[in-house]
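Below you'll find the structure, written out as structure tokens, and then a few comments.
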Amino acid sequence: MAVPKRKVSKARRNSRKATWTAQAPTVVECPHCKAQIKPHTVCGECGYYNGKEVVAVKNKEKADK
């Protein structure tokens, strides 16, 4: 079982954790309806992925604008 030989100082611990930062999610524009979506996912607004309709959307009139 791994057990530390001595205490890790606060400065060493904090400097290791200092590089972690939260990042905003990457978004791209849907080529079909111009909505902002995550890359490589089906668009929730129009249901298209890679130029083909993959998912039927209930409010199609709103998505076709």
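When you look at residue 18, is it out of contact with any Lys or Arg (no Cβ under 6 Å at 6 or more places or on another chain), exposed (fewer than 10 other Cβ atoms within 10 Å of the Cβ) and modelled with pLDDT of 95 or more, yes or no? Lay out the reasoning, then the answer.
On the way: out of contact with any Lys or Arg (no Cβ under 6 Å at 6 or more places or on another chain): yes; exposed (fewer than 10 other Cβ atoms within 10 Å of the Cβ): yes; modelled with pLDDT of 95 or more: no.
Considered against the rule, which asks whether it is out of contact with any Lys or Arg (no Cβ under 6 Å at 6 or more places or on another chain), exposed (fewer than 10 other Cβ atoms within 10 Å of the Cβ) and modelled with pLDDT of 95 or more, residue 18 comes out as no.
Would segment 46-55 turn up any residue that is open to solvent by 100 Å² or more (accessible area, probe 1.4 Å) and either at pLDDT 90 or above or in contact with a Ser or Thr (Cβ under 8 Å, 6 or more places away or on another chain) (or both)? Steps first, please.
Taking segment 46-55 and keeping what is open to solvent by 100 Å² or more (accessible area, probe 1.4 Å), we get 50, 52.
Applying the additional criterion that residues be either at pLDDT 90 or above or in contact with a Ser or Thr (Cβ under 8 Å, 6 or more places away or on another chain) (or both) yields 50, 52.
Taking every residue of segment 46-55 in turn, at least one turns out to be open to solvent by 100 Å² or more (accessible area, probe 1.4 Å) and either at pLDDT 90 or above or in contact with a Ser or Thr (Cβ under 8 Å, 6 or more places away or on another chain) (or both).
Given the residues 25, 39, 4, which is the only one that is exposed (fewer than 11 other Cβ atoms within 10 Å of the Cβ), in contact with a strand residue (DSSP E or B) (Cβ under 7 Å, 6 or more places away or on another chain) and assigned to a loop (DSSP other than H, G, I, E, B)? Steps first, answer last, please.
On the way: 25 fails: in contact with a strand residue (DSSP E or B) (Cβ under 7 Å, 6 or more places away or on another chain); 4 fails: in contact with a strand residue (DSSP E or B) (Cβ under 7 Å, 6 or more places away or on another chain).
Just one listed residue meets the conditions, 39.
The values are calculated or read from the model by the stated rules, or taken from the named source; none is laboratory data. None of these values were measured; they are calculated from a predicted model. Virtual Cβ from ideal backbone geometry, glycine too; neighbours counted across all protein chains shown. To get the accessible areas, we keep the full protein, side chains included, count just its heavy atoms, and leave off ligands, DNA and RNA. Shrake-Rupley method; radii C 1.70, N 1.55, O 1.52, S 1.80 Å.
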